[in-house]
């Protein structure tokens with residue numbers, strides 16, 4: 001049975017905290033949107049970065065909530081401050097780095113949803129390489 005679409009809210013301070021590759025606050029999970037999207041708030045310590053990687057299934061959109069971040073996507077590099085937004089398409093190698101002198105936060109919208117479960121699995125003791133393969137993620 002299909003549910004009727006409805007508004008989904010995540011109030012300040014809400015979300016499931018998952019410690020894997022940084023602090024990930026799962027604000028809206030894929031099942032809440034019938035798989036359409038998921039939203040994660042991520043806290044990056046100063047200088048922290050993701051490894052270069054490729055998502056085979058998801059596009060990502062980042063909004064800078066605090067700090068300054070560098071984004072490598074294919075041959076392009078952008079630095080964005082609070083309020084900046086960047087779209088990173090699937091199947092293109094990319095990485096993200098907090099280039100601030102203090103903690104920074106980003107809001108990540110993944111389309112379609114479901115990738116948030118990668119972090120849940122790794123935080124639960126799952127092997128990151130095996131989880132990556134299961135979620136269409138390739139570390140370069």
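Assorted remarks:
- Answer label for percent of Cα pairs over 27 Å apart (calculated), chosen among (i) 30; (ii) 26; (iii) 16: (iii)
- Per-residue Cβ neighbour counts within 10 Å put 37, 6 in the sequence 6, 37, beginning with the fewest.
- FRET efficiency, residue 139 to residue 102 (Cβ-Cβ, R0 30 Å, nearest 0.05): 0.65
- Region 77-127 versus region 1-63: alpha-carbon centroid distance in Å: 9
- Within a Gaussian network of the chain (alpha carbon springs, distance under 10 Å), most fluctuating of 93, 46, 101: 101
- Percent RCO, i.e. relative contact order, over the chain, from Cα pairs under 8 Å lying at least 6 residues apart: 30
- GNM top mover of 41, 117, 78 - the chain, alpha-carbon springs below 10 Å: 78
- Extension gain from residue 93 to residue 127, taking 0.36 nm per residue of separation minus the Cα-Cα distance: 10.1 nm
- Sequence of 76, 97 once ranked by neighbouring C-beta atoms within 10 Å, starting from the fewest: 76, 97
- With contributions of -39500 (n - 2.57) from each DSSP H run of at least four residues, the per-residue ellipticity at 222 nm computed over the chain stands at -3000 deg cm²/dmol.
- Max mean-square fluctuation residue, GNM over the chain, Cα-Cα springs under 10 Å, options 31, 89, 128: 31
Bear in mind these aren't lab numbers, they're just calculated from the coordinates by the rules spelled out. All values derive from a computational prediction rather than experimental measurement. Positions of Cβ are backbone-derived with ideal geometry, glycine not excepted, and every protein chain shown enters the neighbour counts.
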